[in-house]
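Working notes, structure below.
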Amino acid sequence: MELQERLNEVRSHIEAAERQAGRAAGSVQLVAVSKTFNADQIRPAISAGQRVFGENRVQESQGKWPELKAETAGIELHLIGPLQSNKADDAVALFDVIETIDREKIARAVADEMKRQGKAMRLYVQVNTGLEPQKAGIAPDDTAAFVELCRKELGLSIEGLMCIPPAEENPGPHFALLAKLAREAGVEKLSMGMSSDYETAIAFGATSVRVGSAIFGAR
Ligand SMILES: *Cc1c(COP(=O)(O)O)cnc(C)c1O
């Protein structure tokens, strides 16, 4: 199957899941996760009208996205992988949305860079809903206070929460927990769901889904 066909299939599954959940058509944004794929492999997705992309590494993204962004207006690039504070300058320069704010040090580094570069960023707080030791993200119990700190003390606009449920677990309860935490913290957007579970995530209220292999193929 060609990339365009797979992309159309994902789009129609998203539409069906929106309908089934009684949600408005177009209420779920598709973030096409292009990590490990090069510019030539990404261009067909852009040609097919896709404008929102996700990458998990700053350095890898610097090797392809400046060129792709220069070619096509309106590209929106999301950082969905862990960010180190010494890469905050590059991340703020290249990305439009950072989905992985998960500790005060990184929130401060991003706030400082936004000021220095005069660039507004849309931000999500990553929550470690499964409390997995190897995974990034703030603990569920600390989420509301951390969002408050980002907003009040650092002046950051936190628009949503993001999670990656444990691979071997039923994702539904994790999606439900993220939705509850978002209500408590007063944030509107929910970035949750990947190739294997994005339809479930939409049923639980995802406003964006991050889909890689179902579009670009196996990595
Ligand atoms: C790679 C990745 C995805 C996409 O995963 P697929 O299973 O290929 O759809 C989504 N979110 C994050 C944070 C990722 O690193």
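The values are calculated or read from the model by the stated rules, or taken from the named source; none is laboratory data. Everything numeric in this text was worked out from a predicted model, so none of it was measured. No Cβ is skipped: glycine too gets one built from the backbone with ideal geometry, and neighbour counts run over all protein chains shown. When the accessible area is computed, the model is the full protein with side chains, heavy atoms only, and any ligands, DNA or RNA have been set aside. Shrake-Rupley method; radii C 1.70, N 1.55, O 1.52, S 1.80 Å.
For ILE101, nonlocal amide neighbours, meaning residues 5 or more places apart or on other chains whose placed amide H falls under 5 Å from its own, are TYR124, GLN126.
Given a Förster distance of 45 angstrom, what is the FRET efficiency for ARG19 paired with ASP89, based on the Cβ-Cβ distance and rounded to 0.05?
Values: r = 43 Å, r/R0 = 0.95.
About 0.55, to the nearest 0.05.
Between segment 126-177 and segment 81-98, the alpha-carbon centres lie 18 Å apart. Per residue of the chain, the DSSP helices (runs of n ≥ 4 H) give a summed -39500 (n - 2.57) that works out to -11500 deg cm²/dmol at 222 nm. Across the accessible surface of the chain, with the other protein chains kept in place and a 1.4 Å probe, carbon and sulfur atoms take up 48 percent. Counting charges near SER213 (Lys, Arg +1; Asp, Glu -1) among other residues having Cβ under 13 Å from its Cβ returns a value of +2. Taking a spot 7 Å from the Cα of ARG183 along the direction of its beta carbon, which residues of segment 200-219 have an amide N less than 20 Å from it? The answer is 200-208. Across segment 19-28, rounded Karplus estimates of 3J(HN,Hα) from the backbone phi angles (6.51 cos²θ - 1.76 cosθ + 1.60, θ = phi - 60°) give 4, 4, 7, x, 9, 4, 4, x, 7, 10 Hz, Gly and Pro being marked x. Each residue of segment 143-149 was assigned a 3J(HN,Hα) from its phi angle through the Karplus curve 6.51 cos²θ - 1.76 cosθ + 1.60 (θ = phi - 60°); the sequence is 5, 4, 5, 5, 4, 4, 4 Hz, with glycine and proline shown as x. Under 5 Å from the amide H of GLN29 lie the amide H atoms of SER208, VAL209, each residue being 5 or more positions distant or on a separate chain, with H modelled from the backbone and absent for Pro and chain starts.
Translational diffusion coefficient of the chain at 37 °C, 0.692 mPa s, Stokes-Einstein with Kirkwood Rh over Cα pairs, in µm²/s as a whole number.
On the way: Rh = 17.5 Å.
For the chosen part, D equals 187 µm²/s.
Taking other residues whose beta carbon is less than 9 angstrom from the beta carbon of PHE37, and scoring Lys, Arg as +1 and Asp, Glu as -1, yields +2.
When Lys and Arg each count +1 and Asp and Glu each count -1, what net charge do the other residues less than 10 Å away from LYS119, Cβ to Cβ, add up to?
Local net charge: 0.
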